[in-house]
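Step one of this worksheet: look at the structure below.
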Amino acid sequence: MLEKIRSKSILFWSLELLIVALLLMVVSQLDFILEPIFKFIGAVFIPVLISGLLYYILNPIIKIIEKIKIKKNKSIPRSIIALFLVVLMMVLIGLAMAIVVPRLIDQITNFVQSAPTYLRQMRNWMEGEDRLAIINRMGVTFDANTLQHGAQKYGTQIANGMANGIGGFASSLIGYLVYALTVPVMTFYMLSDGHKLLPFVQQWFPKRKDDMAEVASLLNDTLSNYIMGQVMEMLFVGFATGIGYFLIGEKYALVLAIIAGLSNIVPYLGPYIGIVPALFVSATQGVWQIFFTVLVVAIVHLIDGNIIYPRIIGSRLNIHPMTIIILLLAAGNVAGIAGMILAIPTYAILRTLFVYLWEFFVNRNEQTSAEKPKQA
């Protein structure tokens with residue numbers, strides 16, 4: 001039955017969108033329940049989420065190394081591989097922070113300090129006679145003072161947000177140190193003992209052992225495909241955008257490239273979020289710089305949208321774009337940026353469970369129906 005529905009793509013996607021809309025309508029009425037849950041998750045499970053992310057990144061490497069045989073056809077113990085990878089990860093992160101973070105902080109500081117100058121340059125550029133004539137011919141009323149006032153207002157908010165973010169980072173340094181200590185330890189135990197979890201749970205449900213193994217495999221594949229694909233896509237977008245910005249001489253290329261890569265974690269909306277600060281900076285360098293900035297972002301996301309995303313994420317999760325957009329809008333309204341980030345993997349997991357349970361009960365009913373005539 002499920003295959004018949006799937007064969008009719010319009011009916012399948014309409015049914016999926018209807019279910020999503022109904023679920024979101026119900027969830028939107030449960031703010032009093034969701035708010036404390038989100039606070040609890042934010043306080044307790046952030047290290048678990050980070051460790052889980054690192055687990056899915058490092059676990060494929062462990063599987064590859066485990067296949068390497070040493071003397072007498074014995075492989076390297078999983079715990080030793082896990083310890084080595086966690087230590088290596090900490091060393092690489094430490095080196096990256098020592099090399100990149102000082103430069104990153106320097107660029108952010110310069111960017112915040114230069115914001116008023118950029119606003120004045122933008123106003124002067126917009127007040128040019130040629131550009132003002134073009135704007136007027138387009139039927140747009142242009143008031144330089146209003147523009148400057150609005151730009152200064154939002155520019156000040158952005159600058160204050162950055163400053164508060166840096167200050168907040170300093171004030172909560174102890175919390176980050178706790179994360180720095182707990183995350184590697186949790187990641188190590190996930191990598192070394194994570195494969196023992198399923199057999200431990202299966203022993204409590206011996207009759208459903210095979211079903212549990214199949215469900216666990218499906219969920220693991222879904223999460224692994226999404227996380228690994230998302231990480232690879234973010235790295236590609238950040239790296240390619242950084243190279244492009246460097247080639248066109250964009251100021252603060254490192255900061256803007258990191259923003260572009262990180263913002264790409266939000267499907268479809270990420271490119272628009274990432275390009276805003278880049279346009280703000282390039283507007284102070286002239287029209288051609290704006291053109292080249294847009295060109296770089298367009299080329300990167302053309303490659304990403306047509307090659308990287310379809311091959312790495314889209315073909316594996318098989319989620320319709322309209323479903324993704326509805327999920328992002330609803331999740332963003334309920335839980336902000338965190339909701340938009342978690343919406344797609346959460347939906348993918350729930351859909352995997354739903355499809356499996358549907359097929360399980362349909363197959364069981366078909367088997368029951370087939371056995372009745374034999375008994376008669």
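Just report the Cα centroid separation between the stretch 59-111 and the stretch 225-272, whole Å.
22 Å
Which log10 I(q)/I(0) values does the stretch 49-100 give at q = 0.13 Å⁻¹ under the Debye formula, counting every alpha carbon as one identical point scatterer?
The Cα Debye sum returns log10 ratios of -0.39.
Using the Karplus curve 6.51 cos²θ - 1.76 cosθ + 1.60 with θ = phi - 60°, work out ³J(HN,Hα) for each residue of the stretch 279-285 in order, rounded to whole Hz, and write x for Gly and Pro.
Ordered by residue, 3J(HN,Hα) equals 5, 4, 6, 5, 5, 7, 10 Hz.
For the ranges 97-106, 292-301, 68-77, what's the packing order if you count other beta-carbon atoms within 10 Å of each residue, average per peptide, and put the highest first?
Top of the packing list down: 292-301, 97-106, 68-77.
FYI, it's all coordinate maths here, none of it is from the lab. A quick note: this is a predicted structure, and the numbers were derived from the prediction, not measured. Positions of Cβ are generated from backbone atoms using ideal geometry, with glycine treated the same way; all protein chains shown enter the neighbour counts.
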